[in-house]
Amino acid sequence: MLLFDFHHHYFNSVSGIYNLGCGEELPPALFSAGIHPSETAENMEEKFRWLKEVSKNDKCVAIGECGLDGIIKPDRQIQEEVFVKQIEWANEIKKPLIIHCVKMFSDLIRLKKKANVPMIVHGFNKRKTIGLELLKNDFFLSFGKSALYNVNLQDFLSEVPTEKLFLETDTADFDLRELYELTARLKNTTPEELSKKIKDNLEFLKITI
Ligand SMILES: [Zn+2]
């Protein structure tokens, strides 16, 4: 059974999407490349040159993580500019966007209108009202470790349509199988069936595994 890890930081992992940061060495398997909101303060020209080059690689299946973060230093206006530029680039090369968003969901929803490609909010662990608003606006949601112990999040996860769902480890160290099993239970299905559905979702994003 395929335990696809939608967003991870494990260089040698073969099943999933490795998050490549600016200027890092390319991993052996699939990856996404983007400029994180925390990196928007300086050397933008150089970073965009890097992004445009590396994202043409066949193994680069998405742009990101990129987005908006309300609790870190870089100016919000600048964060937004850098994010919009990445949306435009993703539109141009027709690759989906993996989103990092902290406390700026209404801005994210406003900016989604600029994207012609799917947007996946990674590491979703917020209130159900925010989750429902994102689903209404056609976002995909990827859940990580917090779904293993946060009961409110589990309650919401049970309602998320399987065709809008991904699972991930991000930087956390745990067995992703556990999260597949729990999610399958919450959705009254089997891990195998869930894994198949997630494969279909990847196909929708034009990600070939
Ligand atoms: Zn991450």
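The table below lists the values:
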| read-out | value |
| --- | --- |
| The listed residue being assigned to a helix (DSSP H, G or I) and either among the charged types (D, E, K, R) or within 15 Å of the ligand (Cβ to nearest atom) (or both), out of 65, 24, 45 | 45 |
| Number of positions in the range 48-62 that are within 16 Å of the ligand (Cβ to nearest atom) and either more than 22 Å from residue 142 (Cα to Cα) or small (Gly, Ala, Ser) (or both) | 1 |
| Neighbours by Cβ (under 8 Å, 6+ apart or cross-chain): first from the range 76-100, over 26 Å from residue 144 (Cα atoms) and within 16 Å of the ligand (Cβ to nearest atom); second at pLDDT 95 or above and not in a helix (DSSP H, G or I) | none |
| Cβ-Cβ under 6 Å pairs, at least 6 apart or on other chains, the range 170-190 side more than 14 Å from residue 7 (Cα to Cα), far side in a loop (DSSP other than H, G, I, E, B) and modelled with pLDDT of 95 or more | 177/3; 180/3; 184/190; 186/158 |
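Conditions (1) of a type in the set (A, V, I, L, M); (2) buried (at least 17 other Cβ atoms within 10 Å of the Cβ); (3) at pLDDT below 95, marked per residue:
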{"site": "115", "(1), (2), (3)": "yes, yes, no"}
{"site": "136", "(1), (2), (3)": "no, no, no"}
{"site": "154", "(1), (2), (3)": "no, yes, no"}
{"site": "160", "(1), (2), (3)": "yes, yes, no"}
{"site": "167", "(1), (2), (3)": "yes, yes, no"}
{"site": "186", "(1), (2), (3)": "yes, yes, no"}
{"site": "192", "(1), (2), (3)": "no, no, no"}
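The values are calculated or read from the model by the stated rules, or taken from the named source; none is laboratory data. Bear in mind that the values here come from a model prediction, so they are computed numbers and not experimental data. Cβ coordinates were reconstructed from backbone atoms using ideal geometry, including for glycine residues, and neighbour counts include every protein chain displayed.
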